[in-house]
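Chemist: Pasting a structure here, questions to come.
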Amino acid sequence: QVHLVESGGGLVQAGDSLRLSCAASGGTFSSFAMAWFRQAPGKEREFVAIIKRNGGTTYYADSVKGRFTISRDNAKNTVYLQMNTLQFDDTAVYYCAATGILGTPRLADYYDYWGQGTQVTVSS
């Protein structure tokens, strides 16, 4: 059983930056692809970014491409999401997720483990 704990959320102004962290325990971290999803009030959970097991490949949602960067440190069992130039529409609860599936799935259904989420609020 893999346990994921996110941190780093908060209230910021538009244009600011935040770095989210997700610490994993209870499994072999390097065997999982890791992703970030987000869910805004009244909306469905949406894919944000994914990083493969060795960190060599990443993919992003079009809405965050060029502003967000996903990275991982397998020695620390942690995945990060650096968010720059935050916009009002980035306001959401951000979740990290782990999947043992090969490839880079963007659908939440393919993910086996989820954190509890961390709130990011961007004021305009």
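Chemist: Return the long-range amide H neighbours of THR91 (sequence gap of 5 or more, or a different chain), with a cut-off of under 5 Å between placed amide H atoms.
Modeler: Correct list: VAL122.
Chemist: Mind checking which of GLY100, GLY66, GLY26 has the largest fluctuation in a GNM of the chain, springs on alpha carbons under 10 Å?
Modeler: GLY26
Chemist: Could you order the peptides 101-114, 42-55 from most to least packed, using the average number of other C-beta atoms within 10 Å per residue?
Modeler: So the order, starting with the most tightly packed, is 42-55, 101-114.
Chemist: Could you state how much accessible area SER25 has, in square angstrom rounded to the nearest 10, with a 1.4 Å probe and all protein chains kept in place?
Modeler: Near enough 60 Å² of accessible area.
Chemist: While we're on this one: 5 Å is the cut-off here: which amide hydrogens, built 1.01 Å from N in the peptide plane, fall below it relative to ARG72, excluding neighbours closer than 5 in sequence?
Modeler: For ARG72, the qualifying residues are TYR80.
Chemist: Here is a further query. At a threshold of 8 angstrom on Cα-Cα distance, excluding pairs fewer than six apart, so keeping six or more, what relative contact order does the chain reach in percent? Could you put the intermediate results ahead of the total?
Modeler: On the way: 303 pairs, mean separation 44.2, N = 124.
This gives 36 percent for the chain.
Chemist: Quick check for you: with a 1.4 Å probe and neighbouring chains kept, what is the accessible area per residue of the chain, in Å²?
Modeler: Working: 6230 Å² over 124 residues.
Counting only protein heavy atoms, the per-residue value for the chain is 50 Å².
Chemist: Taking only the alpha-carbon positions of the stretch 20-79 and ignoring solvent, what does the Debye formula give for the base-10 log of I(q)/I(0) at q = 0.14, 0.16, 0.19, 0.21 Å⁻¹?
Modeler: Evaluating at q = 0.14, 0.16, 0.19, 0.21 Å⁻¹ gives log10 I(q)/I(0) of -0.41, -0.53, -0.71, -0.83.
The values are calculated or read from the model by the stated rules, or taken from the named source; none is laboratory data. Note that the structure is a prediction, hence the values are computed from the model and not measured. All Cβ positions, even for glycine, are placed from backbone atoms using ideal geometry, and neighbour counts span all protein chains on display. For accessibility, only protein heavy atoms count, side chains too; no ligands or nucleic acids. Shrake-Rupley method; radii C 1.70, N 1.55, O 1.52, S 1.80 Å.
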